[in-house]
Amino acid sequence: MTKKNKPVPMIKPNPTPNTISPTLIILARLLSFESIVAVNRSRSPALTKQYAKRRPQGARGARNQGRFQWPKLGLQLVLALSAFTAPADAQSDRAQGIRAKPTHPFEPSLEISIQRFEARIRAQAQDLPGAAAVLVVKGNVRPLMLFGFQSMTDIRPITAETVFQLASLSKSFAAAATALAVHDGRLQWGTPVMTLLPELNWSDAQRAQKLKLFHLANQSSGLMPHAYTNLVEDVVSYNNILNRLQRVPFVCDPGACYSYQNVVFSLLGDVLMQATGMPYAQFVEERLFAPLNMQAASVGRATSRRDQLASAHVMRADRWVVVPRNQRYYKVAPAAGVNASIVDMQQWLLAHLGLIEGVPRAPIMQLQGRYIANDPPDNHYPNDPRISKAGYGLGWRVFAFSGIDGFTHHGGYLRGMRSEMIFHRGAKSGLVFLTNSEPAALNRLSLAFAEWLVALQNAETLAWGDGIKQAPSSSPLGDR
């Protein structure tokens, strides 16, 4: 998209979530100094002596202590209530049975850094029709951020349950579903696609024989990039598109080069149906959505939350206007057919960070390896010397930033819809941003997250230790 987004004055971000003031935390520590010393007096004679010199003496000292006792207790009570009062979003999450790790107060310096990055997220969202975001830092879930409207025509506000089309971020679900089938023993990554789907015809039989299930999920089929994505946009059925695959040339051997696909990637759904006897949507709902308590998530046009499905918006004459939702990509559902709310995506993020149960961790971690490298023109990111080792895992893009490996990311784009998800499993941190509009260069927000997390790591090396480690990179196929 080249058209520059312009502000919509009527749309403002939600207020900053209430947090414990760093000033109050410092005051609390000062007020609690006496009790800290009292605990340690018996352990340190020197400290006992120093403390004894500071203590007020005689009746005047006793009066001073009594004079400040009630204000001290009052301030401590306010702090205690602030620490244990959950935000409204967290209360809503608990009511829905969301198995998310609760938000905990951080040290003042870290809390200030987090709030500054949250301000950057709000700055990204404030001029959009609507948006929703969730940030996880060091394993702790921050309050949901909700902005604007589901639709500019009837002014329905964005809520935690508002459903967005995820577009290409849907690929992460298809790869995870396939990994679960492999984990169950129903599939093998190294099985040739010609064995799994013998009815398909290919332009080069010799190269097609080398095409394995792994290559579909890894975007390394060797076929011409974006083969027949234009037909997805047209009124052509999925089966008719598959019948034309024999016209698509191979540009390299499978596994030898990166080649991003939508149609060919969606063959994962056909393979899963052959292996499990269940339609793709049913398998994903039973094995991913239900165990992870993703209550509003769905695959395809059919959704029980249609009244909460966000409208698509595009920029026209310097204003955001509602347009019909693009439903053509539902026919390639594994590539672009998932719908989900920000609460659902919170669960998806936590699962990939290894912070909640529901799906086996080993196959989920396997998705995050780097199995094929991207050349700079194909790596999806702007020219930035801090980005290195860009590649593709299984349904995920992966890269290193400022020398820190292990960042996992994917975005999605449909007319009037954008989605972004980035995380670092070793740091137990991640971000999801969903919007019912077309902000330009939204992936720069994901890179801003990587930049911020690396800076945070550098500033807290002693506290984090070796928390950031390189993601796995060995192929499930072994020698490809």
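The values are calculated or read from the model by the stated rules, or taken from the named source; none is laboratory data. Worth saying up front: this structure is predicted, and the values here are computed from it rather than measured. Because the Cβ atoms are built from the backbone with ideal geometry, glycine has one as well, and the counts that use them run over all protein chains shown.
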Phe250 is checked against (1) aromatic (Phe, Trp, Tyr); (2) in contact with a strand residue (DSSP E or B) (Cβ under 7 Å, 6 or more places away or on another chain); (3) under 20 Å from Tyr330 (Cα atoms) and fails just one. What number does that condition carry?
(3)
Can you pull out the residues in the stretch 116-160 that are closer than 19 Å to Arg418 by Cα, among the hydrophobic types (A, V, I, L, M, F, W, C) and surrounded by fewer than 22 Cβ atoms within 10 Å (Cβ to Cβ)?
Ala123, Leu146, Met152, Ala160
Looking only at residues that are part of a loop (DSSP other than H, G, I, E, B) and without any contact (Cβ under 8 Å) to a residue 24 or more places away in the chain in the stretch 188-224, which one is nearest to His410 (Cα to Cα)?
Thr191
Quick check: anything in the stretch 362-376 in contact (Cβ under 8 Å) with a residue 60 or more places away in the chain, more than 17 Å from the chain's Cα centre (by Cα), at positive phi and assigned to a loop (DSSP other than H, G, I, E, B)?
no
Going through the stretch 116-139 in order, the residues found to be outside any helix (DSSP H, G or I) and farther than 15 Å from Leu442 by Cβ are Val134, Leu135, Val136, Val137, Lys138, Gly139
If you go through the stretch 278-291, how many residues are surrounded by 22 or more Cβ atoms within 10 Å (Cβ to Cβ) and in a loop (DSSP other than H, G, I, E, B)?
0
When you check Lys101 against the structure, is it in the same structural domain as Asn218 (by TED's automatic domain parsing) and either modelled with pLDDT of 95 or more or charged (D, E, K, R) (or both), yes or no?
no
If you go through the stretch 244-258 one residue at a time, do you hit one that is within 19 Å of Ala176 (Cβ to Cβ), touching a residue at least 60 places away in the same chain (Cβ under 8 Å) and touching a Pro at 6+ places or on another chain (Cβ under 9 Å)?
no
Please verify whether Thr276 is touching a residue at least 40 places away in the same chain (Cβ under 8 Å) and farther than 30 Å from Phe149 by Cβ, treating the condition exactly as stated.
yes
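Looking at Ala281, Ala302, Ala297, Ala290, which is the one that is under 18 Å from Ser341 (Cα atoms) and modelled with pLDDT under 95? Lay out the reasoning, then the answer.
Numbers: Ala281 fails: modelled with pLDDT under 95; Ala297 fails: modelled with pLDDT under 95; Ala290 fails: modelled with pLDDT under 95.
Of Ala281, Ala302, Ala297, Ala290, the one residue that is under 18 Å from Ser341 (Cα atoms) and modelled with pLDDT under 95 is Ala302.
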From (1) within 17 Å of Val264 (Cβ to Cβ); (2) part of a loop (DSSP other than H, G, I, E, B); (3) not charged (D, E, K, R), pick out the condition that doesn't hold for Gly185.
(1)
Can you name the number of the only condition in (1) surrounded by 15 or more Cβ atoms within 10 Å (Cβ to Cβ); (2) in contact (Cβ under 8 Å) with a residue 24 or more places away in the chain that Glu233 fails?
(1)
Of all residues in the stretch 140-172, how many are in contact (Cβ under 8 Å) with a residue 60 or more places away in the chain and assigned to a loop (DSSP other than H, G, I, E, B)?
11
Total residues in the stretch 235-257, condition among the polar types (S, T, N, Q) and under 30 Å from Arg370 (Cβ atoms)
0
In the set Asp253, Asp270, which member is in a helix (DSSP H, G or I) and among the charged types (D, E, K, R)?
Asp270
